[in-house]
Amino acid sequence: MRHKVEIMGVCIDQGNLEDAYNRCIEFINTKGCKMIITPNTEIIMRAQKDSKLFQIINKADLVIPDGIGLIYASKIQGKGLKERVTGVDLMYKILEYCNENKKSIYILGGKPEVAEKACKNIKNKLPGVEIKGCHDGYFKEEEEINIIENINRLNPDILFVALGVPKQEIFMDKYKEMLSARIVMGVGGSVDVWAGTVKRAPKIYQKLGLEWFYRLLKEPWRYKRMMVLPKFMIKVLFQK
């Protein structure tokens with residue numbers, strides 16, 4: 001039975017990284033394609049104005065709290081989210097499982113050559129992962145069906161989608177029922193991390209829930225996007 005927490009109307013699964021990982025193993029070993037979404041504070045706020053994104057998140061098979069603001073909100077409102085579960089960490093755990101169990105993946109999204117670099121680095125680090133293919137995120141809507149048909153022909157166990165929010169969520173929801181993969185997961189910038197084009201924050205920042213601050217230090221032009229966090233917390237306090 002799934003235990004969910006509601007933050008601003010968006011339902012998020014309770015549990016830690018291990019709980020989320022165990023759910024993924026269940027998905028891989030059962031029929032049908034399951035959709036995983038990894039919202040952070042910015043995405044929750046966006047969903048307040050985007051009804052389509054709101055609905056897609058709430059019908060996903062697994063929704064993990066990929067944002068320290070969601071944990072703070074849960075504590076303030078007494079709702080019981082245990083800890084932040086990042087998409088990049090869950091992706092790594094899934095890849096480790098694929099490495100140990102000879103499962104296959106396909107990566108869709110990212111800038112040209114980024115997905116290829118990510119696949120190469122995954123294969124170097126986890127040689128047991130079977131990489132069925134990849135495709136960058138620069139394609140037209142009329143090309144989508146051909147891409148889906150090609151992915152199904154290659155028949156990966158897991159499809160990682162990195163098209164950015166909300167494009168990746170809309171894409172996954174649109175084609176979930178057509179996919180032969182067992183999992184379709186929105187991974188956003190995780191592919192850039194694997195490609196080496198973006199570096200994760202040092203462990204101390206991760207542990208303190210300050211990855212957002214590290215990114216702001218490295219990319220100060222993102223400050224306008226970061227302003228969503230205080231807006232989110234004010235809204236949480238008024239809803240308490």
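For ILE76, indicate whether it is touching a Phe, Trp or Tyr at 6+ places or on another chain (Cβ under 7 Å), surrounded by fewer than 19 Cβ atoms within 10 Å (Cβ to Cβ) and either free of Cβ contacts under 8 Å to residues at least 40 places away in the same chain or not polar (S, T, N, Q) (or both).
In short, no.
If you take just the helices (runs of 4 or more DSSP H) that sit entirely in region 48-103, which of them hold at least 3 residues that are farther than 19 Å from LEU208 by Cβ?
51-58, 87-101
Using the structure shown, decide if THR30 is of a type in the set (S, T, N, Q) and crowded, with 18+ Cβ neighbours inside 10 Å.
Taking the combined requirement at face value, the residue does not satisfy it.
Need the failing condition index for TYR106 against (1) at pLDDT 95 or above; (2) assigned to a strand (DSSP E or B); (3) farther than 30 Å from LEU154 by Cβ, just the number.
Exception for TYR106: condition (3).
Being surrounded by fewer than 20 Cβ atoms within 10 Å (Cβ to Cβ) and outside any helix (DSSP H, G or I) is the filter here; which residues of region 180-195 pass it?
Residues satisfying the conditions are SER180, GLY189.
Assess whether ARG23 counts as being over 20 Å from PHE171 (Cα atoms), open to solvent by 10 Å² or more (accessible area, probe 1.4 Å) and either in contact with a Gly (Cβ under 9 Å, 6 or more places away or on another chain) or part of a helix (DSSP H, G or I) (or both).
Taking the combined requirement at face value, the residue satisfies it.
When you go through (1) part of a helix (DSSP H, G or I); (2) of a type outside the set (A, V, I, L, M); (3) modelled with pLDDT under 95 one by one for GLU143, which number turns out not to apply?
(3)
So which residues in region 121-138 are surrounded by 14 or more Cβ atoms within 10 Å (Cβ to Cβ) and either out of contact with any strand residue (DSSP E or B) (no Cβ under 9 Å at 6 or more places or on another chain) or of a type in the set (A, V, I, L, M) (or both), if there are any at all?
Within region 121-138, ASN121, ILE122, LEU126, GLY128, VAL129, ILE131 meet the criteria.
Of all residues in region 141-153, count the ones that are touching a residue at least 24 places away in the same chain (Cβ under 8 Å) and open to solvent by 40 Å² or more (accessible area, probe 1.4 Å). Show your work before the answer.
Taking region 141-153 first, the residues touching a residue at least 24 places away in the same chain (Cβ under 8 Å) are 144, 147-148, 151-152.
This time we only want the ones that are open to solvent by 40 Å² or more (accessible area, probe 1.4 Å), so: 152.
Here the count works out to 1.
Taking region 1-18, which residues are surrounded by 13 or more Cβ atoms within 10 Å (Cβ to Cβ) and in contact (Cβ under 8 Å) with a residue 60 or more places away in the chain?
The answer is VAL5, ILE7, MET8, ILE12, GLN14, GLY15, ASN16, LEU17.
Can you name every residue in region 109-120 that is open to solvent by less than 60 Å² (accessible area, probe 1.4 Å) and either not in a helix (DSSP H, G or I) or not aliphatic (A, V, I, L, M) (or both)?
GLY109, GLY110, CYS119, listed by residue number.
Could you identify the single residue in GLY137, GLY186 that is under 27 Å from ASN101 (Cα atoms), modelled with pLDDT of 75 or more and not aliphatic (A, V, I, L, M)?
Among GLY137, GLY186, only GLY186 is under 27 Å from ASN101 (Cα atoms), modelled with pLDDT of 75 or more and not aliphatic (A, V, I, L, M).
Among the residues of region 42-54, is there at least one that is free of Cβ contacts under 8 Å to residues at least 40 places away in the same chain, within 26 Å of GLY9 (Cβ to Cβ) and buried (at least 18 other Cβ atoms within 10 Å of the Cβ)?
yes
Got a sec? Which of VAL165, VAL198 is closer than 22 Å to ASP66 by Cβ, surrounded by fewer than 21 Cβ atoms within 10 Å (Cβ to Cβ), among the hydrophobic types (A, V, I, L, M, F, W, C) and touching a strand residue (DSSP E or B) at 6+ places or on another chain (Cβ under 9 Å)?
Residue meeting the stated conditions: VAL165.
The values are calculated or read from the model by the stated rules, or taken from the named source; none is laboratory data. Small disclaimer: the values here were computed from a predicted structure and weren't measured. Cβ atoms come from the backbone with ideal geometry, glycine included; neighbour counts cover every protein chain shown. SASA here: full protein model, heavy atoms, side chains in, ligands and nucleic acids out. Shrake-Rupley method; radii C 1.70, N 1.55, O 1.52, S 1.80 Å.
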